[in-house]
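> Attaching a single structure in structure tokens format; questions to follow.
The values are calculated or read from the model by the stated rules, or taken from the named source; none is laboratory data. Note that the structure is a prediction, hence the values are computed from the model and not measured. Please note: Cβ atoms are built from the backbone with ideal geometry, for glycine as well, and neighbour counts cover all protein chains shown. The area values use the complete protein model at the heavy-atom level, side chains included, leaving out ligands, DNA and RNA. Shrake-Rupley method; radii C 1.70, N 1.55, O 1.52, S 1.80 Å.
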Amino acid sequence: LKDAIDPSRIFLMGFSDGATLSVELLTTRRFRAGIICSYGFTGKLPKFALERLENIPLWVFHSADDAIFSITQTSDLLVQTLQQQKQSNIIKYSRFGRDPENMGDGPARGHTTGITASKDPEVYEWLLSLPALQ
């Protein structure tokens, strides 16, 4: 089984606080790309982290009505920062106006993009279209 896994094609997906941790783990450069859903870090990434994220494709998912993490203070900031680092050609951003899973007005309203990303065939097609990590 060990030989059946191509280490140059391992991808990382994180949701909520797991998305925040995923961005940090991507700085290890051990993953080919990342799917970041409902990212929760509200600060600016350190310069070293931005350097380590260079050329790592990311697809960010977030909903503007997220009741847990404000999109303008989290995912919007992350995407804007990465685009300023000339990463825009490898950053995809699915920014929804409303909860794409239509979970209602409960305490987790809008905090469902992990479900959205995980069931979207285009995500898997995109990941598999990326060349192997060098």
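> What residue, among those in region 20-38 that are of a type in the set (A, V, I, L, M) and touching a residue at least 40 places away in the same chain (Cβ under 8 Å), is surrounded by the fewest Cβ atoms within 10 Å (Cβ to Cβ)?
First pass over region 20-38, keeping only residues of a type in the set (A, V, I, L, M): 21, 23, 25-26, 33, 35-36.
Subsequent filtering for residues that are touching a residue at least 40 places away in the same chain (Cβ under 8 Å) retains 23, 33, 35-36.
Details: VAL23: 23, ALA33: 20, ILE35: 27, ILE36: 30.
Residue satisfying both the conditions and the ranking: ALA33.
> On to the next question. Of all residues being without any contact (Cβ under 8 Å) to a residue 24 or more places away in the chain and of a type in the set (A, V, I, L, M, F, W, C) in region 39-85, which is surrounded by the most Cβ atoms within 10 Å (Cβ to Cβ)? Just the residue, please.
So the residue we want is VAL79.
> Of all residues in region 110-134, count the ones that are open to solvent by 80 Å² or more (accessible area, probe 1.4 Å) and under 20 Å from GLY18 (Cβ atoms).
Qualifying residue count for the region: 2.
> In region 86-99, what count of residues is obtained for those that are closer than 12 Å to ASP65 by Cβ and either surrounded by fewer than 18 Cβ atoms within 10 Å (Cβ to Cβ) or among the aliphatic types (A, V, I, L, M) (or both)?
Of the residues in that region, 3 qualify.
> Taking ARG109 as the residue in question, decide whether it is touching a His at 6+ places or on another chain (Cβ under 7 Å) and of a type in the set (Lys, Arg).
Values: touching a His at 6+ places or on another chain (Cβ under 7 Å): no; of a type in the set (Lys, Arg): yes.
Taking the combined requirement at face value, the residue does not satisfy it.
> Let me ask something else. Hand me the list of helices (runs of 4 or more DSSP H) wholly inside region 9-82 holding 2 or more residues that are among the small types (Gly, Ala, Ser).
On the way: elements: 17-26, 47-52, 75-82.
By residue number, 17-26.
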